[in-house]
Each structure stands twice: as C-alpha cells, then as structure tokens.
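Enquirer: Here you go, one structure.
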Amino acid sequence: MTNDQKKPWGSRFAEKTDRTVESFTASIAFDKRLYGYDIEGSIAHCRMLAKQSIISEDDASQIVEGIGRIGRDIERGNFEFDESLEDIHMNIEARLTAEVGRVAERLHTARSRNDQVVLDVRMYLRDEVAIILTRLTGLRQVLVDLARRYIDIIMPGYTHLQRAQPVLFSHHLMAYYEMFKRDRARLKEALKRINVMPLGSAALAGTTYPIDAEYTAELLEFPELSANSVDAVSSRDFIMEFLAAASICMVHMSRLSEELILWSSAEFGFVEIPDAFATGSSIMPQKKNPDVPELVRGRAGRVFGNLMALLTMMKGLPLSYNRDMQEDKEPLFDTVDTLKRCLEVYEKFLPRLKVNETAMEKAASRGFLNATDMADYLVTRGMAFRDAHRCVGKVVRYGVDQNKELQELSLHDLKKFSQIFEEDIFEILTLEQIVNRRVSAGGTAKESVVKAIDKAQETLKLEVVEVESLKRKTSR
Ligand code: ARG
C-alpha cells in the first residue's frame, strides 16, 4: 500500500494529495514529541473499548502490545516519521497497522483526532507544568539561600532608578522570591484547567458507542471530564492561560536579568558575574559580558510573542475544531522549553554571583538616602511632615553646595535649619538605623526580613513534598 492509500480518508478522494500540500499541512516535525502521550492515551482508550465490549479483549491485547512496542521503537530511534502521514497520531496508527494488521483499525473507534490531539497536549502540558513548578521552587530556594547568606548587606533602594532609601540586599532579593511565588501559584491554578479529560468528545458531538469516559480518565489519572464535547475540541484557553502565566514569569525573570546586567556594570559594580557564566569579546580583551542574563531578558520577547500568536490564531475561529489550531503547538513547545531553560540556568547561576558588599554600602551612603529619616526625626519631635520636608530640603541643598552628606554636617550647621536637631540625629542617620527601624509589615528591617526568610523556608519545604506527589501523579 502506498501512503496515499493508507490515508484514512483515501477512499473518499479520487486524486492523490499534492506533495506540496502534504508538506504544507504536516505537523509531524514538531508534534512527534507527543508520542509518549499519544501512546498512553491510545492504550487507555483501547482498554476502555474492551471493557465496554466495543472491541474484543483479544483485539485489545494485540493493539496494546503492538502500540507498546512502537513506543519502545521510537525511544530507541527505530522509527521513521513520515511527512505524508501528517501528524503523530497517523504515524503511530499506520505503524500499528503494519505491525499487528487489520485489528489496528479498531483502535480509532469512538475517537477522532480532534479529541485525541487535545488529550495529548493536556497530558504533555501537565507533566511540563509539574517540572516548571519544581524549578520555581528550586529558584526560590536559591534566592532564600542568598538572602540568608547576605542578610547584613545594605544597598541603595531605587525609585525611577534614582537612589531612594537604603534597603537590605536580602530584602531586594526576597522581592523576587515573592514574584516567583505568585508565578508558581498561577501555574498551579492553571494546572486545574489543564487536567481535564476530553476523550469521548470524538469529532465534536460525542459518540454513539457505549463508552466509559470516566474509566479512561481514571486510567490516565484525570480528576475531571470535559463537560461539553464542542467545547472540548474547540478550546485552547488552557494553553493560553499557561502561556500568559509563563509570560508573566518571564517578565520577572527579565527584570531580574536587567538588574544583574546593570549591577555588573562598572558604573554600579554591585555584583560580579562568575567567569563560568560570562562570555568575552572577540575584539576587546578586557571585556566580560553578562550574556546569560541578557539572553534571559531577550527570550522574554519570544515568550510574549508565543502568547500573542495563540490569542491571535484563536480569536476569529468558529466552533468547533479548525485546522488553524494545529498552530498551537510550536508556540507552546517553545515557551515550555524557553521557560524551563531560563529557570534552570538561573538556579545554577545565582548562587555563584559575587556580591560586592563595599560597593553597595558605599552607594547607599552617598546621595542623601537618609533624608526621609531626617524629616521623620523632626516629625517625631513635633514638626508637621510638610514643614519637615521643606526644612530637610533646605539641608539637602546646603549639603549639595558643601559637597557633604547629611551625616557629615555638624550639629551646629543643622541647628541653623531647625532648633529641634540634637546630637541623637546622627544615630538616626546611620544606614543600620535607617534599615532596622523599618519594622512595618513587609519592611526592610533585619528582623522583618529574617522572619520573611524563615516563613519562605517553611513554604518551600511544603512545596518540595507537594512536587513529589505531583510527579507521582503525572509521570508514568
Ligand atoms: N495535527 C492536528 C492538530 O494538531 C490533529 C487534529 C487533526 N484533525 C483534523 N480534523 N484534521 O490539530
């Protein structure tokens, strides 16, 4: 039999498919990565058909055995993917027919590629999300470890990229911990809507066979069945939701990258990129470039693009399945690969970062970062905040003219601006005091940050346990 005759719809057509059309419509080059899920789904479907006496036990065991063999062949590289067989589903089915003969043709009873493909993608994505959840736990553990290691380092905090107020470097790191914590929660939430079993929807309307979809779902460990067959084959919002959550996570990765790039410049000098994670220049011998964070920042663009691609591809489609939807896979796969790799590289890279404590603290002590605290001092001693702001504004201008920081002015100088100032102002102006007096909830005081770190560590411990159970559930 030629492959043209092998096509499931061959009998309806008088002409062979044009070669150009074959290669234009084929998805096998990228959807072959779904093979394991396609096989697992087929095995479950086949068992269900036999249990319901829709096919015989004997046929079912031949199919299950044959298809298992195909899985092992693909793993070993003993499988030639054929473009004329369009996609992974038809490639496997054709091989099954070659292996076990006509019984293979019973497998597709009560099923369509429309529900089959969405099953495969759902199974694939829930496994990948489980891996990404693990990596987000790993990355946050690294941040917590760094925060603990550098708990006493003070850096300038910025607004508008202008030095604003001193904060603990740990506090700044823990801000990323919080962002990635929400990213993980978003993905975990998305997992609920990914984990839905669509088989039985068939082409779009359901099936006339007495199937037991709940049994298939149980075999494949899906907690839920799709509620509407048209929706089941029409919808890809579970992918959009993942791509959106991944995009938000990449925003966070990209901002972290941007800071590392800035901080490793000579102008900041706050961190040094370890040699093993940097690259040089082909022309300038002195250069050490932060290519890893630059590429993470750059790859955010393609992840956002993948979300846009899917939203745009779907927005005009009438229900139910349309072939356009084959275009969901490459953006999805690319986002999964990109996000996983970015998380992986940062988990290795961040612990190796060299932190320049002196540069950070020096930057934090120049630029009047203690001006707010001077104003607060006056307020605590009776002045209205607006008056205090005006008064300290004058002190700052005086300091700028004298080329002196607030802590370098004398009490005599300060008294010229307000009689309220006493010797104890200088204690208030030290970096340690500025940081440690900020005990408000979520503030940068060391005691608050230590608490945040301890709490984070508890959360991470629970997540490690949770991830283990997720893995057992989803990886077969
Ligand atoms: N390769 C197709 C896809 O990815 C599988 C479903 C094809 N269904 C169809 N009716 N042509 O969407």
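Coordinate-derived values only; no laboratory data. Keep in mind that this is a model prediction, so the values were computed, not measured. A quick note on method: Cβ atoms are made from the backbone with ideal geometry, for glycine too, and the neighbour counts reach across all protein chains shown.
Enquirer: For Cα pairs less than 8 Å apart in space and 6+ apart in sequence, what is the mean separation divided by the residue count of segment 94-228, i.e. the relative contact order in percent?
Expert: Numbers: 133 pairs, mean separation 41.6, N = 135.
Relative contact order of segment 94-228: 31 percent.
Enquirer: Please report the spacing between the Cα centers of segment 381-449 and segment 142-220 in Å, no decimals.
Expert: With segment 381-449 and segment 142-220 each reduced to a Cα centre, they are spaced 41 Å.
Enquirer: Hey, another quick one. Net charge around ARG397, counting only other residues with Cβ within less than 12 Å of its Cβ (Lys, Arg = +1; Asp, Glu = -1)?
Expert: On the way: positive: ARG390, LYS394, LYS404; negative: ASP401.
Overall, the nearby charge balance is +2.
Enquirer: How high is the relative contact order of segment 16-152? Use alpha-carbon pairs under 8 Å, at least six apart in sequence, and give a whole percent. The partial results should precede the final answer.
Expert: Values: 98 pairs, mean separation 43.1, N = 137.
So the answer I get is 31 percent.
Enquirer: Taking a ≥ b ≥ c as the square roots of the Cα gyration tensor eigenvalues, with a/c under 1.5 meaning rounded and otherwise prolate when a/b beats b/c, else oblate, which class fits segment 174-227?
Expert: Working: a/c = 6.70, a/b = 3.24, b/c = 2.07.
Note, shape of segment 174-227 comes out prolate.
Enquirer: What are the lysines whose alpha-carbon lies under 17 Å from the alpha-carbon of LYS461, with same-chain residues fewer than 8 places away excluded?
Expert: LYS461 reaches LYS181, LYS188, LYS451, LYS471.
Enquirer: Take each of the peptides 187-199, 277-289, average the number of other beta-carbon atoms within 10 Å over its residues, and list them starting from the highest. Don't jump to the answer; show the numbers that get you there.
Expert: On the way: 187-199: 20.2, 277-289: 11.2.
Result, highest mean Cβ count within 10 Å first: 187-199, 277-289.
Enquirer: Name the lysines eligible as straight-distance cross-link partners of LYS446: C-alpha to C-alpha under 20 Å, and not fewer than 8 places from it in the same chain.
Expert: LYS362, LYS455
Enquirer: Per 5 Å bin, what percent of the C-alpha pairs of segment 342-476 does each bin hold, from zero upward?
Expert: Answer for segment 342-476: a P(r) of 2, 8, 13, 14, 14, 10, 8, 7, 7, 6, 4, 3, 2, 1, 0, 0 percent.
Enquirer: Still on this model: Could you sort 167-175, 99-107 so that the peptide with the highest average Cβ count within 10 Å comes first and the rest follow in order? Intermediate values should be presented prior to the final figure.
Expert: On the way: 167-175: 23.4, 99-107: 16.8.
In decreasing order of mean packing, 167-175, 99-107 become 167-175, 99-107.
Enquirer: Taking the Cβ of each residue in VAL142, VAL450, VAL233 as the centre, tally the other Cβ atoms inside 10 Å and list the residues starting with the fewest. Write out the running numbers ahead of the final one.
Expert: Working: VAL142 19, VAL450 15, VAL233 26.
So the ranking, lowest neighbour count to highest, is VAL450, VAL142, VAL233.
Enquirer: Over every pair of different alpha-carbon atoms in the chain, take the mean of 1/r and invert it; report that Kirkwood radius in Å.
Expert: Working: mean 1/r = 0.0376 Å⁻¹.
Taking every pair of different Cα atoms in the chain, averaging 1/r and inverting gives 26.6 Å.
Enquirer: Stokes-Einstein at 25 °C, 0.890 mPa s, Kirkwood radius from Cα pairs: D for segment 266-314 in µm² s⁻¹?
Expert: Values: Rh = 13.3 Å.
D, rounded to a whole number, is 184 µm²/s.
Enquirer: By how many nm would the segment from VAL400 to SER282 grow when fully extended, if each residue of separation counts as 0.36 nm and the alpha-carbon distance is taken off? All intermediate terms of the calculation are to be shown ahead of the outcome.
Expert: Working: separation 118, 0.36 × 118 = 42.48 nm, distance 4.30 nm.
Roughly 38.2 nm would be gained on extension.
Enquirer: By the scheme Lys and Arg +1, Asp and Glu -1, what is the net charge of all other residues having a beta-carbon under 13 Å from that of PRO274? Mind dumping the intermediate values first?
Expert: Details: positive: LYS288, LYS348, ARG352, LYS354; negative: GLU272, ASP275, ASP291.
Taking every Cβ under 13 Å from that of PRO274, the sum is +1.
Enquirer: Enter the mean projected area of the convex hull around the alpha-carbon atoms of segment 42-201, in nm², rounded to one decimal. Mind dumping the intermediate values first?
Expert: On the way: hull surface 58.4 nm².
Reported value for the Cα convex hull: 14.6 nm².
Enquirer: Taking LYS348 as the anchor, which aspartates and glutamates have their alpha carbon closer than 14 Å to its alpha carbon, excluding any fewer than eight residues away along the same chain?
Expert: Leaving aside aspartates and glutamates fewer than 8 places away in the same chain, those within reach of LYS348 are ASP145, ASP275.
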